[in-house]
Amino acid sequence: MKAPLCKDAFWQFSCALYAKPGVQSALLAEQNENGKNINLILLLRYLETIAFAVDLEALDAFMQCCSHTDAHLLHPQRAARAHLKANYAHFADYETTRQLMLNAELASERVQQHELLNVAQSLDLSQFEHPNNLDLYLQNDSVTALLRAS
């Protein structure tokens, strides 16, 4: 079954979930310590909330999408921002430049989300009353519980 997906609804869901207490730090830890993709985590949770389950084949397709956009968009931007912070924090326009870079990174996050939804729309996802998409991807029960409680 094709999941009824809306790019704006997914973005709004992601922003609202990310803003909840403890979620940002938990997701960043999953990204930085375990190499997990935050947008993929958010998509898996979003699909759970609309009762669509992901299988291993779908998860692989999502991971390939993330790998491509991470390599070509997000990782270079994060590296440039880290380089700016480490080497140019003393420049007068540092804060303005940093904010511009953050805004560009956020725009790229949205591109990745759109690409993930394009992949999702190409898949035949199953509808289940209680899907466990996060369990396929995350090994961290406390993060999974936090996301499901938020």
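Worth pointing out:
- Taking Cα atoms only, the orientation of helix 38-49 departs from the longest principal axis of the chain by about 30 degrees.
- Within the shell defined by Cβ-Cβ distances under 12 Å, the residues around ARG148 carry a net charge of -1, with Lys and Arg each +1 and Asp and Glu each -1.
- Taking each DSSP H run with n ≥ 4 as -39500 (n - 2.57) and averaging over every residue of the chain yields -23000 deg cm²/dmol at 222 nm.
- Rounded tilt (10° steps) of 7-18 against the dominant C-alpha axis of the chain: 70 degrees
- Annotation: amide H of SER126 within the under-5 Å range of ALA53, sequence separation 5 or more or interchain, hydrogens built in the peptide plane.
- Neighbourhood charge, 13 Å Cβ-Cβ cut-off, centred on GLY22 and excluding it, Lys, Arg +1 and Asp, Glu -1: +1
- Computed from the alpha carbon positions, the gyration tensor of the chain leads to an equivalent ellipsoid with semi-axes of 29, 16, 14 Å, biggest first.
- Our analysis of segment 34-114 gives Rg over Rh at 1.10, with the two radii drawn from alpha carbon positions and Rh computed by the Kirkwood formula.
- Degrees between helix 75-88 axis and first principal axis of the chain (Cα, 0 to 90, nearest 10): 30 degrees
Computed from the coordinates by the stated procedures, all read-outs in this text should not be read as laboratory data. Predicted model only: the values in this text are computed from it and were never measured. Methodologically, a virtual Cβ is constructed for each residue, glycine included, from the backbone with ideal geometry; neighbour enumeration extends over all protein chains shown.
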